[in-house]
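J.: Structure incoming, see below.
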Amino acid sequence: MAATPDTRKLYQQVASAIMASIVGGNYKPGERLPSERDLAVAFKVSRPTIREAMIALEIRGLAESRHGSGIYVTDQPPAQVGPGDLDIGAFELTEARRLFEGEGGGARRNDRYR
């Protein structure tokens, strides 16, 4: 009997896997999660997919972004999460990206090389 393929968006699958690691105790409260690059390699996905997964975890209260330091597991216990709970709308994703990436971050980095 063949297994049913996972039809969720890729970032949701990654967020669920990281959430399972947090709930399972692989990542302790206050512990820094691996870098975007390391997670992208581990999950064989792009860095934007990892960013979206981190945003989903942050919205759920499982992780928090510390500017210039990384993503950390929160100290609060994770809430019970259903499969649809990691679905993020366009507005939430845009707002979270603005917070993660900063205002005009890409343009400013390039300005110093002109």
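J.: Out of the residues in segment 18-37 meeting the condition of being free of Cβ contacts under 8 Å to residues at least 12 places away in the same chain and part of a helix (DSSP H, G or I), tell me which one is surrounded by the most Cβ atoms within 10 Å (Cβ to Cβ). Working first, answer last.
T.: Restricting attention to segment 18-37, the residues satisfying the condition of being free of Cβ contacts under 8 Å to residues at least 12 places away in the same chain are 20-21, 24-26, 34, 37.
Imposing the further condition that a residue be part of a helix (DSSP H, G or I) reduces the set to 20-21, 37.
On the way: ALA20: 10, SER21: 13, ARG37: 10.
Once the filter is applied, the top-ranked residue is SER21.
J.: Given (1) assigned to a loop (DSSP other than H, G, I, E, B); (2) touching a helix residue (DSSP H, G or I) at 6+ places or on another chain (Cβ under 6 Å); (3) modelled with pLDDT under 90, identify the lone condition not met by ALA3.
T.: Every listed condition holds for ALA3 apart from (2).
J.: Does any residue of segment 90-108 turn out to be within 24 Å of ASP6 (Cβ to Cβ) and either modelled with pLDDT of 90 or more or loosely packed, with under 12 Cβ neighbours inside 10 Å (or both)?
T.: yes
J.: Among the residues of segment 38-66, count how many are open to solvent by 20 Å² or more (accessible area, probe 1.4 Å), in contact (Cβ under 8 Å) with a residue 12 or more places away in the chain and not in a helix (DSSP H, G or I).
T.: Selection size over segment 38-66: 3.
J.: Another question, then. Restricting to segment 1-17, and then to whatever is free of Cβ contacts under 8 Å to residues at least 40 places away in the same chain and under 12 Å from the mean Cα position of the chain (by Cα), can you tell me which residue is surrounded by the most Cβ atoms within 10 Å (Cβ to Cβ)?
T.: Ranking the qualifying residues of segment 1-17, first place goes to VAL14.
The values are calculated or read from the model by the stated rules, or taken from the named source; none is laboratory data. Only a predicted model underlies this, so the values are computations on that prediction, with no experimental measurement involved. Glycine also receives a Cβ, built like all others from the backbone with ideal geometry; neighbour counts cover every protein chain displayed. What goes into the accessible areas is simple: the full protein's heavy atoms, side chains included, and nothing from ligands, DNA or RNA. Shrake-Rupley method; radii C 1.70, N 1.55, O 1.52, S 1.80 Å.
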